[in-house]
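**Q** Sending over a structure as structure tokens; questions will come in a sec.
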Amino acid sequence: MHSNLKPWQPGQSGNVNGRPVGSRSAFSAGFLKDLAEVWADEGREAMLKTAKTNPTVFFATCARLIGPEVKLTIEQSLPGNLSMEDWQVMREVVSAVRQAIPDASSQPPGAVLQHVLAKLRD
């Protein structure tokens, strides 16, 4: 062990001078400025090209940009204070009705409901 090496105290940085003041914010500001310029010049065209030639990267990027608050917003706005489980059951019921009544979408809602009720009573 070298005699000139001193262990750091708990909570003490190994970089005694620290990061230069404002270096991270300067980098971020410069990066965002450059990004805005590239987007202004190439944005939509690059996005369309990526969507066509590399959809995996395109959708992965979209997924990273859409944060978890979107899911929360959807869950909070389910009609009738339904839970996600209830909503899923309703989707399954709708799917079953569509399979049982292939032309359900062209029928008036009341007729479809009457058909479902009649089948439930059988």
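The values are calculated or read from the model by the stated rules, or taken from the named source; none is laboratory data. The structure presented is a predicted model; accordingly, all values stated were derived computationally and were not measured. Neighbour counts run over all protein chains shown; Cβ positions are idealised from the backbone, glycine included. These accessible areas exclude ligands, DNA and RNA; they are computed on the full protein's heavy atoms, side chains included. Shrake-Rupley method; radii C 1.70, N 1.55, O 1.52, S 1.80 Å.
**Q** Six or more apart or on different chains, Cβ atoms under 7 Å: show the pairs whose first residue is in region 86-98 and more than 13 Å from V112 (Cβ to Cβ) and assigned to a helix (DSSP H, G or I) and whose second is open to solvent by less than 90 Å² (accessible area, probe 1.4 Å) and modelled with pLDDT under 80.
**A** Going by the 7 Å Cβ cut-off, the qualifying pairs are W87/L78.
**Q** State which residue is farthest from G43 (Cα to Cα) when the search covers only region 56-83 and only residues that are surrounded by 11 or more Cβ atoms within 10 Å (Cβ to Cβ), modelled with pLDDT under 80 and aliphatic (A, V, I, L, M).
**A** Here the answer is L82.
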